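To keep things clear, I will list the structure first and then write my remarks on it.
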Amino acid sequence: MASKRKSVQIKGMYGTCCEYRIEHGLQYVPGILDVSVRFPIHAAFINYDPELLNWKRMDRHLERLGYQRVETTATVTVPLDGYKNAVAPDKLRSFFDATPWIEEVQVASDNSSVSVSYDSRAWAPSDIVKLVSEEIVCSTQGGTTRNRMFVTDGN
């Protein structure tokens, strides 16, 4: 399985020296491939192997270092009423995989809904619902929301 990236909020940081301490302390946790910590936003950006990383073990390791992970992941489930037959699950997943601060996307096996796990510091539930709706409507018309959002007039 491919590696994943997740940002986590860290409680207990008091200066930039904490960045080094957390980065080097977490490199010994099985499943963590790379860690980058930023004191100004009290966050760690973790590249990890989802098959190997045990989040409880990582939390215990953080606590031994004197810090605590604050959960910021939220999940919203969007019903796909009226679009059940028009949804291409792989296309929807690839759109969200390329969207910052989105952690996981699951399309129901019968295409009746999509569940999106996201970082609640970056997105509101209404933002996720809007993204899902716009991507479905746009993809049924042959494009993608991403194409529409970044179109320039050439000037």
So, Tyr20, is that one assigned to a loop (DSSP other than H, G, I, E, B) and more than 27 Å from Val132 (Cα to Cα) or not? no
Is it the case that the stretch 44-54 has a residue that's in contact with a Ser or Thr (Cβ under 9 Å, 6 or more places away or on another chain), more than 30 Å from Ser113 (Cβ to Cβ) and modelled with pLDDT under 95? yes
For the stretch 79-107, give me each residue that is among the small types (Gly, Ala, Ser), in contact with a helix residue (DSSP H, G or I) (Cβ under 9 Å, 6 or more places away or on another chain) and either over 16 Å from Lys4 (Cβ atoms) or modelled with pLDDT of 85 or more (or both). Ala86, Ala88
Considering residues of the stretch 1-40 that are aliphatic (A, V, I, L, M) and without any contact (Cβ under 8 Å) to a residue 24 or more places away in the chain only, the residue surrounded by the most Cβ atoms within 10 Å (Cβ to Cβ): Val35
Of all residues in the stretch 94-128, which are assigned to a helix (DSSP H, G or I) and surrounded by fewer than 17 Cβ atoms within 10 Å (Cβ to Cβ)? Ser94, Asp97, Pro125, Ser126, Asp127
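Would you say Val8 is aliphatic (A, V, I, L, M), in a strand (DSSP E or B) and closer than 30 Å to Val137 by Cα?
So Val8 fails the test.
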Give the residues of the stretch 53-81 that are part of a loop (DSSP other than H, G, I, E, B) and exposed (fewer than 13 other Cβ atoms within 10 Å of the Cβ), sorted by residue number. Asn54, Glu71, Asp81
Just one of (1) over 23 Å from Ser120 (Cα atoms); (2) of a type in the set (A, V, I, L, M); (3) in the same structural domain as Tyr118 (by TED's automatic domain parsing) trips up Leu80, so point out which. (1)
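The values are calculated or read from the model by the stated rules, or taken from the named source; none is laboratory data. The shown structure was predicted, so the numbers you read here are calculated from the model rather than taken from an experiment. Every residue, glycine as well, gets a Cβ built from its backbone with ideal geometry; the counts of neighbours run over all protein chains shown.
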